[in-house]
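The values are calculated or read from the model by the stated rules, or taken from the named source; none is laboratory data. The structure presented is a predicted model; accordingly, all values stated were derived computationally and were not measured. Here the Cβ positions follow ideal geometry from the backbone for every residue, glycine too, while neighbour counts run over all protein chains shown.
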């Protein structure tokens, strides 16, 4: 099926097999035709086949996290932010205190959630192009015994930076505090093994590196930590302990499940396993990232981050200073050519972002670069260098 505004005989347009533009975004993202097709079924929430699908998904997610025999999976309806809030409200007691490591918009969102929930919190902040500082964490925990939990973002998609989650986990464990991870944009592509990285809970969603469709978040929780969360939650619908106990009793969701999203997620996890799991999926994304970064630098663009801090998820580029470069025209021109990118979200610099995840490979990344080069010529942009600092 082809979109009427993007006819297939237009030589300047590239489309996915279903006639949609390629999504070079941090999610929702391009999914395979087979994932989309998996949604073409209806099941009742008590159907035995649907219950089996839920069980299979939960077991697969625990395996990906390396948590067999120590961790459990609790799925939850909604976007990633729903399950982030559910994790904070469920694992942090009402008289607890959270240390939030902030170096981007998603750390800032966690602060807002804590404020709305009425949880006591403090922050350790860094610029958006600087990773969380383990040494500062060490000092903060040593100086504040009232902190019960530390929460960090594995990959901050504000910039694409990868935070030192292993060091943060080790320090937090040594101080005897709980550790909560927002791994929304990294889970499934960047290694995170519960046998090596101690955490109470990690949350992610169906529509990021696992290449499903939006609508389901999930929490991988250490069983011993989850058992202590009863009564913590400020919300009935976001109570992960209650959700877990219900699913353990009968395999069913407490409230109406997003059936079609769960079916597509099941198919996506099968494709994930067939690709080689975290190693295979992450390997493709790293190759996509390398092609993108090398190609954009060749065109004169400058990345926000050095290569050693860049996660293979989404790349932030400085906005060119050339007055002929107008982002809206650039965005619209790429959309017409079949590629959707993302605006910037930085406070430290004018920028835009291009993602490396989803059902994309070398052909699509090189196609996007060709579209960028073609569009720059049409816009008569002479230099892609940013303004001087």
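Annotation note: of 170, 222, 174, 249, the sole residue that is surrounded by fewer than 24 Cβ atoms within 10 Å (Cβ to Cβ), on the phi < 0 side of the Ramachandran plot and in contact (Cβ under 8 Å) with a residue 40 or more places away in the chain is 222.
Evaluate the following for residue 261: is it at pLDDT 95 or above, touching a strand residue (DSSP E or B) at 6+ places or on another chain (Cβ under 6 Å), surrounded by 16 or more Cβ atoms within 10 Å (Cβ to Cβ) and closer than 22 Å to residue 35 by Cβ? Answer is yes for this residue.
Criterion first (assigned to a helix (DSSP H, G or I), surrounded by fewer than 19 Cβ atoms within 10 Å (Cβ to Cβ) and in contact with a strand residue (DSSP E or B) (Cβ under 8 Å, 6 or more places away or on another chain)) does residue 136 satisfy it? Yes; evaluated as a whole, the condition is true for this residue. For the stretch 340-352, filtered to residues that are surrounded by 16 or more Cβ atoms within 10 Å (Cβ to Cβ) and over 15 Å from residue 21 (Cβ atoms), the residue that is farthest from the chain's Cα centre (by Cα) is 349. Scanning the stretch 193-233 for residues that are over 30 Å from residue 36 (Cα atoms) and either assigned to a strand (DSSP E or B) or at pLDDT below 95 (or both) returns a single hit, 222. Only a single item in (1) crowded, with 19+ Cβ neighbours inside 10 Å; (2) farther than 22 Å from residue 305 by Cβ is not met by residue 370, and it is number (1). Residue 342 satisfies every condition listed in (1) touching a strand residue (DSSP E or B) at 6+ places or on another chain (Cβ under 8 Å); (2) at pLDDT below 95; (3) over 27 Å from residue 33 (Cα atoms) except (3). Within the set 283, 355, the sole residue that is within 23 Å of the chain's Cα centre (by Cα) and either more than 30 Å from residue 64 (Cβ to Cβ) or surrounded by fewer than 18 Cβ atoms within 10 Å (Cβ to Cβ) (or both) turns out to be 283. Quick one: in the stretch 300-317, which of the residues that are in a loop (DSSP other than H, G, I, E, B) and surrounded by 15 or more Cβ atoms within 10 Å (Cβ to Cβ) is nearest to the chain's Cα centre (by Cα)? Restricting to residues being in a loop (DSSP other than H, G, I, E, B) and surrounded by 15 or more Cβ atoms within 10 Å (Cβ to Cβ), the top hit is 313.
Residue-by-condition table, conditions (1) in contact (Cβ under 8 Å) with a residue 24 or more places away in the chain; (2) closer than 26 Å to residue 156 by Cα; (3) crowded, with 18+ Cβ neighbours inside 10 Å; (4) touching a helix residue (DSSP H, G or I) at 6+ places or on another chain (Cβ under 8 Å):
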residue: 55; (1), (2), (3), (4): yes, no, no, no
residue: 70; (1), (2), (3), (4): yes, no, no, yes
residue: 73; (1), (2), (3), (4): yes, yes, yes, yes
residue: 86; (1), (2), (3), (4): yes, yes, yes, yes
